[in-house]
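Right, one structure below, let's go through it.
Rule-based calculations on the coordinates, nothing more; no lab input. Keep in mind that what you see is a predicted model, and the values were worked out from it rather than measured. Every residue, glycine among them, receives a Cβ derived from its backbone with ideal geometry; neighbour counts consider all protein chains shown.
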Amino acid sequence: MTSSADEWADEILHLDQLIVEGFNERWLRKKAVALGRAPAATLRSLKLVEECLVALGHEEDHARAITAPLHEVHYLRSKVKGHVSGEEATEIRKQALAIHATYREHHEAICTRLDESMRTIKDAFKAF
């Protein structure tokens with residue numbers, strides 16, 4: 001990755017498409033119900049993952065913590081790529097650089113957290 005904000009935003013979009021959009025909502029909903037949960041019809045994939053994690057024995061706060069990086073990527077995508085929102089997108093970019101110095105370092109930090117989350121989810125879902 002270069003230092004380009006546009007390239008960084010494109011990579012955030014790709015992460016969201018791969019990870020968040022990669023979940024099968026129908027399967028997750030079916031599994032949550034099979035595990036004794038009653039998810040609202042309006043819940044989307046990340047909340048359904050949380051429902052399954054809770055059903056598998058995780059505390060609700062812990063389930064939210066596990067999925068937090070996925071929510072973050074989805075949020076970033078909507079703000080810096082999906083619905084470019086002027087001042088808010090600019091503030092998000094500034095904050096990413098203030099904390100991580102470069103877009104590349106920010107991207108690597110997100111990828112590390114996503115990897116940890118996905119491994120935890122994978123391990124929890126082995127029970128299925």
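Descriptive notes on the structure:
- The charge dipole of region 26-77, taken about its Cα centre with unit charges on the Cβ atoms of Lys, Arg (+1), Asp and Glu (-1) only, comes to about 400 debye.
- Average Cα contact separation per residue, the chain, under 8 Å, 6 or more apart, as relative contact order %: 31 percent
- The chain, Cα convex hull volume normalised per residue, Å³: 106 Å³
- Peptides 24-37, 86-99, 5-18, 45-58, ordered by how many other C-beta atoms sit within 10 Å of their residues on average, highest first, read 45-58, 5-18, 24-37, 86-99.
- Label-point gap, in nm, between Arg64 and Asp115 - each point 7 angstrom along Cα→Cβ: 2.8 nm
- Proximal lysines relative to Lys122, as straight alpha-carbon distance under 27 Å, when same-chain residues fewer than 8 apart are discounted: Lys30, Lys31, Lys47
- Proximal charge balance of Cys111 [Cβ under 13 Å; K/R count +1, D/E count -1]: -4
- Straight-distance candidates among the lysines for linking to Lys94, with alpha-carbon spacing under 22 Å and chain neighbours fewer than 8 residues away dropped: Lys79, Lys81.
- Whole-Hz Karplus values for region 62-75 come out as 5, 4, 5, 5, 4, 8, 3, x, 5, 4, 4, 4, 5, 4 Hz, taken residue by residue from phi with 6.51 cos²θ - 1.76 cosθ + 1.60 and θ = phi - 60°; glycine and proline positions read x.
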